[in-house]
Amino acid sequence: MDEDKSHKFMGMSFKIFIIFTLSFIVNGCGIKPNPNQLNLYLPGDPKSIDPAYATDVRTGQLCALLYDNLVRFGKGSELLPGLAQNWEISPDGLKYKFHLRDSVFFQNGKIFECSDVKKSFERILDPQTNSHRKWLFKKVMGSSEFISGKVDSVLGFSCVDANNFNIKLNQPFAPFIGFLAMASASIIHETETDEMVGTGPWKLKEWIHDGHILFDRNESYFDGVPKLESLKIRILSEALPRTAEFVTGYLDIMEVPESEFTLWINDPKWAPNIKYQNDLSIHYLGLNCSRPPFDNVLVRQAVNYAIDVQRIIDKVKNGNATAASGPIPPGLIEPYPKLKYDFDPQLAKELLKEAGFKDGLEVELWQSQSSELLYVTEAIQAQLEVVGVHVKIIRNDWNLYSQAVSEGVPDMYYRSWYADYPHAENFLAPLFESEVSQKRWTRYSKNEVDALIQKIQSTSNEEEQQKYIQNANLILIDDAPWVYLWHTRTAHISQPNLKGWSSSLMFNAEKYTRVTKE
């Protein structure tokens with residue numbers, strides 16, 4: 001670790017030299033940032049602008065700019081009116097009535113009405129769409145018949161008139177209202193030329209892949225026209241260009257790079273502009289449970305014991321995380337369980353020997369292309385080497401990497417999950433339910449976990465819910481289909497002249513309509 005740390009700070013000195021050289025060149029030439037444009041970045045291209053394929057944070061963030069939902073998240077976990085001005089839920093939890101706004105227009109001028117909601121939701125369920133978000137509407141009456149092709153529409157989606165939309169469920173489902181604020185529940189209109197149009201505050205003007213995404217503001221936005229004229233998202237996969245762009249004023253908001261964190265917080269000019277957000281997230285190593293060596297629970301437990309998570313948090317992540325005992329972040333499970341996998345390399349060796357790997361084993365650890373992430377995976381690689389687990393790191397383009405994970409290619413993969421909706425169920429069903437896990441993630445499967453997830457979903461009693469949540473969490477800790485790493489705290493820094501922005505708990509809550517520059 002000390003060698004890695006030295007390497008990082010050598011890199012930082014070089015970065016600082018480059019940044020200030022670039023700043024001198026740019027400012028010396030008299031080039032100034034556009035005062036009427038908000039400038040953001042993403043570490044890689046989003047998969048799509050189609051809500052049906054919004055299974056990652058980047059795509060979800062993009063959808064929030066282009067589209068709206070019936071309900072939306074506020075700055076925290078609260079739900080606010082969106083395209084529905086209000087709603088009612090029946091006492092038995094089966095019926096949802098949404099009173100839609102009138103005089104809302106799509107970006108091509110078409111008026112928004114109830115049929116757009118019904119079509120958007122049925123499109124997610126349509127097998128031809130091939131969306132991985134069918135589970136959003138799995139509990140809606142008639143959804144299975146629609147998916148199987150027995151009927152042409154979903155019985156549980158109905159329009160009373162142009163401004164009233166009803167949903168009927170087969171059984172009570174406590175987290176359902178939160179589902180409707182997710183990116184995949186965005187309301188779209190498909191034109192005759194198969195173009196997707198939204199009602200959102202920003203209109204897509206240009207997308208140069210691996211370059212930038214440019215938006216103009218929607219002058220007809222129902223919830224208040226954005227105060228800035230345009231929004232630009234740069235695709236910047238490396239920390240150096242991001243920092244350079246921020247220092248020179250060409251980025252307005254930046255997540256503080258881990259390798260530079262101490263410099264920023266100790267700089268009196270910038271420290272007051274740093275804001276922190278405890279994320280509803282889990283960072284983990286997914287372990288392929290369908291084949292050796294990770295089809296053996298002893299091997300999975302061994303790699304959990306072999307990694308000094310707290311040391312990586314302290315040395316690489318600058319303390320901006322909390323060690324994870326399981327998949328569910330603090331705040332969504334009470335009480336938060338005690339850590340089981342304390343750092344114990346000797347126990348890890350004993351478990352590997354018991355599993356038949358006394359001479360060690362070789363595995364591949366896949367990650368995205370991020371160089372900052374490489375600091376984490378190299379630390380993990382070094383720690384696993386000590387116990388005889390020889391790790392080859394595979395870096396790949398985000399989309400190719402994501403596809404490989406879905407197809408079950410990697411032995412291990414580094415991934416994170418951020419809450420789609422603020423409920424513990426979101427860290428269970430989409431990740432560990434057997435049907436989903438077998439198709440997309442670690443290939444882990446357990447009937448007992450499936451049964452507990454169903455109980456969590458069907459009860460509205462919070463005390464009972466927490467009991468089922470705790471039980472499912474404990475099974476997942478013991479079975480260790482993941483190496484549980486940490487729950488993050490994100491530090492963002494914004495330009496001093498940027499007003500009207502603060503970070504949101506939910507990643508798809510940001511619409512940037514109230515942001516201004518002085």
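Scanning the range 468-510 for residues that are part of a helix (DSSP H, G or I) and under 23 Å from residue 334 (Cβ atoms) returns 468, 469, 470, 471, 472, 473, 474, 475, 476, 477, 478, 479. The residue of the range 323-346 that is least open to solvent (accessible area, probe 1.4 Å), among those that are modelled with pLDDT of 95 or more and among the hydroxyl-bearing types (Ser, Thr, Tyr), is 325.
For the range 224-235, the count of residues that are farther than 23 Å from residue 32 by Cα and either in contact with a helix residue (DSSP H, G or I) (Cβ under 8 Å, 6 or more places away or on another chain) or touching a residue at least 24 places away in the same chain (Cβ under 8 Å) (or both) is nonzero. I'd like to know if the range 77-99 contains one or more residues that are buried (at least 20 other Cβ atoms within 10 Å of the Cβ), in a helix (DSSP H, G or I), of a type outside the set (Val, Ile, Thr) and in contact (Cβ under 8 Å) with a residue 24 or more places away in the chain. No, the range 77-99 contains no residue that is buried (at least 20 other Cβ atoms within 10 Å of the Cβ), in a helix (DSSP H, G or I), of a type outside the set (Val, Ile, Thr) and in contact (Cβ under 8 Å) with a residue 24 or more places away in the chain. Determine if the range 366-379 includes at least one residue that is on the phi > 0 side of the Ramachandran plot and either in contact with a strand residue (DSSP E or B) (Cβ under 8 Å, 6 or more places away or on another chain) or at pLDDT 95 or above (or both). No, because not a single residue in the range 366-379 is on the phi > 0 side of the Ramachandran plot and either in contact with a strand residue (DSSP E or B) (Cβ under 8 Å, 6 or more places away or on another chain) or at pLDDT 95 or above (or both).
Going by the structure shown, is residue 420 in contact with a helix residue (DSSP H, G or I) (Cβ under 8 Å, 6 or more places away or on another chain) and either at pLDDT below 95 or open to solvent by 40 Å² or more (accessible area, probe 1.4 Å) (or both)? For residue 420, the condition - in contact with a helix residue (DSSP H, G or I) (Cβ under 8 Å, 6 or more places away or on another chain) and either at pLDDT below 95 or open to solvent by 40 Å² or more (accessible area, probe 1.4 Å) (or both) - is met. Could you tell me whether residue 246 is aromatic (Phe, Trp, Tyr) and either in a loop (DSSP other than H, G, I, E, B) or buried (at least 22 other Cβ atoms within 10 Å of the Cβ) (or both)? So residue 246 fits the description; yes. All of (1) closer than 27 Å to residue 371 by Cα; (2) free of Cβ contacts under 8 Å to residues at least 12 places away in the same chain; (3) open to solvent by 50 Å² or more (accessible area, probe 1.4 Å) hold for residue 319 with one exception: (3).
Of all the criteria given as (1) farther than 22 Å from residue 73 by Cβ; (2) out of contact with any Asp or Glu (no Cβ under 6 Å at 6 or more places or on another chain), the one not satisfied by residue 163 is (2). Checked against the criterion of being at negative phi and open to solvent by less than 50 Å² (accessible area, probe 1.4 Å), the candidates 257, 268 yield just one match: 257. All conditions in (1) open to solvent by less than 60 Å² (accessible area, probe 1.4 Å); (2) within 30 Å of residue 412 (Cα to Cα); (3) in contact with a helix residue (DSSP H, G or I) (Cβ under 9 Å, 6 or more places away or on another chain); (4) not in a loop (DSSP other than H, G, I, E, B) hold for residue 465, with the sole exception of (2).
Taking the range 147-166 as the range and being closer than 22 Å to residue 50 by Cβ and in contact with a strand residue (DSSP E or B) (Cβ under 9 Å, 6 or more places away or on another chain) as the test, the residues that pass are 154, 157, 165.
When the range 216-234 is examined, which residues are found to be open to solvent by less than 20 Å² (accessible area, probe 1.4 Å), not in a loop (DSSP other than H, G, I, E, B) and not small (Gly, Ala, Ser)? Result: 231, 233.
Would you check if residue 295 is charged (D, E, K, R) and either open to solvent by less than 70 Å² (accessible area, probe 1.4 Å) or outside any helix (DSSP H, G or I) (or both)?
yes
With the requirement that a residue be closer than 22 Å to residue 106 by Cα and either charged (D, E, K, R) or touching a strand residue (DSSP E or B) at 6+ places or on another chain (Cβ under 7 Å) (or both), what does the range 116-132 give you?
Across the range 116-132, the qualifying residues are 116, 117, 118, 119, 120, 121, 122, 123.
Quick one: which helices (runs of 4 or more DSSP H) sit completely within the range 306-390 and have at least 1 residues that are over 23 Å from residue 477 (Cβ atoms)? The helices (runs of 4 or more DSSP H) meeting that bar are 309-315, 371-386.
Condition first: free of Cβ contacts under 8 Å to residues at least 60 places away in the same chain and either of a type in the set (Ser, Thr, Tyr) or farther than 26 Å from residue 380 by Cβ (or both). Can you find one or more residues in the range 483-504 that meet it?
For the range 483-504, residues free of Cβ contacts under 8 Å to residues at least 60 places away in the same chain and either of a type in the set (Ser, Thr, Tyr) or farther than 26 Å from residue 380 by Cβ (or both): present.
Restricting the range 142-163 to residues that are assigned to a loop (DSSP other than H, G, I, E, B) and surrounded by 15 or more Cβ atoms within 10 Å (Cβ to Cβ), the residue that is farthest from the chain's Cα centre (by Cα) is 163. Among the residues of the range 388-403, not a single one is surrounded by 15 or more Cβ atoms within 10 Å (Cβ to Cβ), touching a His at 6+ places or on another chain (Cβ under 8 Å) and within 24 Å of residue 344 (Cβ to Cβ).
The values are calculated or read from the model by the stated rules, or taken from the named source; none is laboratory data. Because the structure is a prediction, the values reported are computed rather than measured. With ideal geometry, Cβ positions are generated from the backbone for all residues, glycine too; neighbour counts draw on all protein chains shown. To get the accessible areas, we keep the full protein, side chains included, count just its heavy atoms, and leave off ligands, DNA and RNA. Shrake-Rupley method; radii C 1.70, N 1.55, O 1.52, S 1.80 Å.
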